[in-house]
1. Treating only the Cβ atoms of Lys and Arg (+1) and Asp and Glu (-1) as charged, compute the dipole magnitude of the chain about its Cα centre; round to the nearest 20 debye.
2. On the principal axes of its Cα set, how long, how wide and how thick is the range 1-99? Give whole Å, largest value first.
3. Just flag the trypsin sites (Lys or Arg not before Pro) in the range 149-207 sitting in loop per DSSP whose Cβ has no more than 15 other Cβ atoms within 10 Å.
4. Can you give the FRET efficiency to the nearest 0.05 for residue 17 and residue 65, using r as the Cβ-Cβ distance and R₀ = 25 Å?
5. Explain nothing, just compute: Karplus ³J(HN,Hα) = 6.51 cos²θ - 1.76 cosθ + 1.60, θ = phi - 60°, for every residue of the range 57-73 in order, whole Hz, x for Gly and Pro.
6. Pull out the extension gain between residue 96 and residue 174, defined as 0.36 nm times the separation in residues minus the alpha carbon to alpha carbon distance; nm, one decimal.
7. What order do you get for 181, 137, 172 when you list them from fewest to most C-beta neighbours inside 10 Å?
8. Please work out, to two decimal places, the log10 of the ratio I(q)/I(0) at q = 0.17, 0.19 Å⁻¹ from a Debye calculation in which every Cα of the chain carries one identical scatterer.
Amino acid sequence: MDDHDLFRTGLRNLLEEQQVQVVGECDNGTEALRLVRELAPDVVVMDLNMPGISGVEATRQISMIAPLTRVLVLTISDQDKDVMDAILAGACGYLLKDATIVELMAGISSAAIGESPISPTIASKVLQRVRASSASHLEATTIQSELSDREIQVLKLIANGKDNSMIAGELHISPKTVKNHISNILMKLQIDNRIQAAVYAVRSGIV
């Protein structure tokens, strides 16, 4: 979903060359919502700056009407506010338009299986901004009451930027077990993805 025809066409061609099935494209947020309802795609690649409904608002609505559709933001902005707004609206990942095709393909593949493709620089910006705000007693209490000790361990490692294989190695458990723990964490905390889990953890003060 991008309002620049040339960029959108180029991106579609690149994705199709990589054997990615592109089921639809559009140039505004309103049309994005219509297509998501109609096509139920696995992944939406979303720009933030579009006419009409913004990319952030479209992302927020997609997360409500199609919770199984993953929104991957691909934009030019690395401004803290844009990053935070998109992540908290439900975007599962955030890549910049100077990403390589390899990085983009990895991002789409990760998004499709429920991972959160987000560059370390962007993730660092998000967590730094969260750390600058005051800790939330409510979120700390929720973590302690809802999560098991093992789930809290996993959550802390997520907030420290560890991927599933790194978490598995550190805790001496299988990647499948890590994935199950993350699914439980997201369900218990009522959040959408691991970057939101990291934000939640930092806000709670556990990391």
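1. Values: 19 positive and 26 negative charges, 166 e Å.
The calculated dipole for the chain is roughly 800 debye.
2. That gives 33, 30, 22 Å along the principal axes, largest extent first.
3. Those that pass, being in a loop and sparsely packed, number zero.
4. Numbers: r = 31 Å, r/R0 = 1.22.
After rounding to 0.05, the efficiency reads 0.25.
5. Listing the rounded values in order: 5, 4, 4, 4, 6, 4, 5, 8, 8, 9, x, 8, 7, 8, 9, 10, 7 Hz.
6. So the chain would gain 24.9 nm between residue 96 and residue 174.
7. On the way: 181 24, 137 10, 172 6.
Going from least to most buried by this count: 172, 137, 181.
8. -1.16, -1.37
A short reminder: the numbers here are calculations on the coordinates, not readings from a lab. Fair warning: this is a prediction, and the values are worked out from it, not measured in the lab. Using ideal geometry, Cβ is built from the backbone for each residue, glycine included, and neighbour counts are taken over all protein chains shown.
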